[in-house]
Amino acid sequence: AAPNVQAVLGTRTEPDAAALQTLRRSFGATHFIVTELRRVGPLYELDLRLIAAGAAERHETLHGSSPAPLAADAVARVRRWLDLQPVAAADAAASGIASPFLTEAYARGLDAELHGDAAGASRYFSICLDHDPGLAWPRLGLAIAQAQSGQAAESLANAKLAAAAARERGDDELLVRALRQLASLAFFRGDLDEAAGHLDEAFAHVPADAHPLALTELLVADGSIEDERGHFERSRAQFERALALARSSGNRRGEASVLLNLASLDNGAGDAAAAAQSLRAGLDAARACGDAALEGAALGNLGATEANQGRLLTAIPLLKQAIALARERGDLNLQILATAQLVWTLAPFERSEDAGLLAKQMLALAQREHNPYWEAEARWALGGLAARRHDSTQALAAFEQARTLYTAAGMSRSLAPVLADTLETAASDGDSVRAGAAADAYRALTQNGGDAAAWRARLPLIDAQLRAAAGDRAGAIGDLAQALDALHGATGPAAQAMLFQLGRWQLDAGRGADLLARPEWKPWLQQHPDAIALRIAALRAAGRRDEADTEQRRLDPLLQSPELALDPSWLVAY
């Protein structure tokens, strides 16, 4: 498959000896065909080289008035050079080789796919199928492009047809890719069991020693399922196995994909520095192999990681780049997820109107595409915005809708923070019953052995919030301060939530001096408006007006930073 070759060669225009050796090791290949197309006046020239054992064995230049017939002629010549039989008529019809027009349409579809242009790929693969519905590879290409464009139902139908054709023909390579696509579709609609079933079948058709690129893809998919199930240790083991395999086989696309997934695990565990390191390496690998889809995903995840460390103005341009790439390519999944992160990042800058429009458009798109995962992300974001404006009724309703969707999908990783937000909102509203129910549901998620360490890290905060909701705010402050001291300056999601909750309680209790004395605020005081606002309030409460005014003069331009400006077309509709 062309994407597998590109994963190794990357953007190099001419494969050198080292690249060919890597390809040989990755695919078990014995021969390579290298072509170069040129236009000379009204004619085309196609340089055709057949390489074996590292040296050019045969070389010929073909001439013609259009490229597609030259490509078909090149296939016939290579077969003669290798003393192979001519392509049978039935095989020619199945592959499209006999038709220069379909050859060109399929080639253009592959080119669009390799550049991450889902809309262009769909158009060209559809042309192939309009002329011959029996073409299995263009059908699978169409299924992949449709999934990237948010056409889940159409993608599912075509992936099933491609898998059926692969089984009928005994084509393991086609079958594995079709099953991988079916697993991806099941994953994104929240059916993790079905996704795992497709992967189990695919693994049975991939000998580890013969197909390292295909095995890498399957390991990444399997690790992603384990991640969503909250089985983080098993997920990391699959990702690390895939990373070693990708690097040993020279698979830069696979390397990028694994690094992005490892970064997600590190972020969930609160190790943002490790996540950022993996993401930057993944971004380099994605650009090296020319994969715009992975580049966009790396940008989006790196933006989220920067935001998790308090560098919000650094995060926003990265997220905007990811969204721009996604919109350009018609990648609705990346567009939704990067937009959700942008909503959360914009909110502290008093951009609730823009953030709200983005979240509502996410919701409309999710409902139009009947995608429960996207809808859960949108509901959660809308709940967060409602909580910021102290509309607890709307916030709790939105969180409950997101919780129901995540629960039905079996996505416990997203479920945990939604329950935490529910508890915080209910506790601050004095609803101890709802807060207690959310706390019980959250604790149930932590009963998952060592895999739930990241969730258990938040339990001291949950205990303190319940104690405050029961009326003992002073005791809650003491408990939370002690828990934060025990973290020794950690800056993960749990530590950040503890710090901001403690700061709000300290201000309400007239203990602003305690807030000012905490060194943990330092990383958040650079770019996080909420942290700066808390510090200003504490300084004013302590009578330190000059310092408060200085901080205010720093906050005001921060809220008007040029990074916050959005493309107006993003606020209209997807």
- Residue hits (the stretch 364-387; over 17 Å from the mean Cα position of the chain (by Cα), in contact (Cβ under 8 Å) with a residue 24 or more places away in the chain and assigned to a helix (DSSP H, G or I)) are 364, 365, 379, 380, 381, 382, 383, 384, 385, 387
- Selected residue (criterion: most open to solvent (accessible area, probe 1.4 Å)) from residues of the stretch 388-412 that are part of a helix (DSSP H, G or I) and touching a Lys or Arg at 6+ places or on another chain (Cβ under 8 Å): 401
- Being in a helix (DSSP H, G or I), closer than 30 Å to residue 458 by Cβ and under 15 Å from the mean Cα position of the chain (by Cα), is that true of even one residue in the stretch 232-249? yes
- Message: Just checking, does the stretch 258-271 include any residue being open to solvent by 30 Å² or more (accessible area, probe 1.4 Å), among the aliphatic types (A, V, I, L, M) and within 27 Å of residue 318 (Cβ to Cβ)?
- Response: yes
- Query: If you check residue 361 against the conditions, is it open to solvent by 40 Å² or more (accessible area, probe 1.4 Å) and either part of a helix (DSSP H, G or I) or within 23 Å of residue 438 (Cβ to Cβ) (or both)?
  - Reply: no
- Across the stretch 234-257, which residue is modelled with the lowest pLDDT among those that are surrounded by fewer than 19 Cβ atoms within 10 Å (Cβ to Cβ) and more than 20 Å from residue 21 (Cα to Cα)? 234
- Query: Consider residue 102 against the criteria (1) modelled with pLDDT of 85 or more; (2) over 16 Å from residue 128 (Cα atoms); (3) hydrophobic (A, V, I, L, M, F, W, C): it satisfies all of them except one. Which criterion is unmet?
  - Reply: (2)
- Message: Quick check on the stretch 223-230. Is at least one of its residues among the small types (Gly, Ala, Ser) and open to solvent by 40 Å² or more (accessible area, probe 1.4 Å)?
- Response: no
- Message: Looking only at the stretch 94-146, filter to residues that are in contact with a Pro (Cβ under 9 Å, 6 or more places away or on another chain) and of a type in the set (S, T, N, Q); which one of those is nearest to residue 292 (Cα to Cα)?
- Response: 126
- Among residues of the stretch 38-58, those that are under 18 Å from residue 69 (Cα atoms) and loosely packed, with under 13 Cβ neighbours inside 10 Å, counted: 6
- For the stretch 113-130, enumerate the residues that are part of a helix (DSSP H, G or I) and open to solvent by 10 Å² or more (accessible area, probe 1.4 Å). 113, 114, 119, 122, 123, 124, 126, 127, 129, 130
- Note on the structure: Scanning the stretch 310-358 for residues that are in a loop (DSSP other than H, G, I, E, B) and of a type in the set (Gly, Ala, Ser), the one farthest from residue 121 (Cα to Cα) turns out to be 310
- Task: Would you be able to say whether some residue in the stretch 528-551 is hydroxyl-bearing (Ser, Thr, Tyr) and under 30 Å from residue 320 (Cα atoms)?
- Result: no
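The values are calculated or read from the model by the stated rules, or taken from the named source; none is laboratory data. Given the structure is predicted, the values throughout are model-derived calculations rather than measurements. FYI the Cβ positions are ideal-geometry reconstructions off the backbone, even for glycines, and counts take in every protein chain you see. Surface areas here come from the heavy atoms of the whole protein model, side chains and all, with no ligands, DNA or RNA. Shrake-Rupley method; radii C 1.70, N 1.55, O 1.52, S 1.80 Å.
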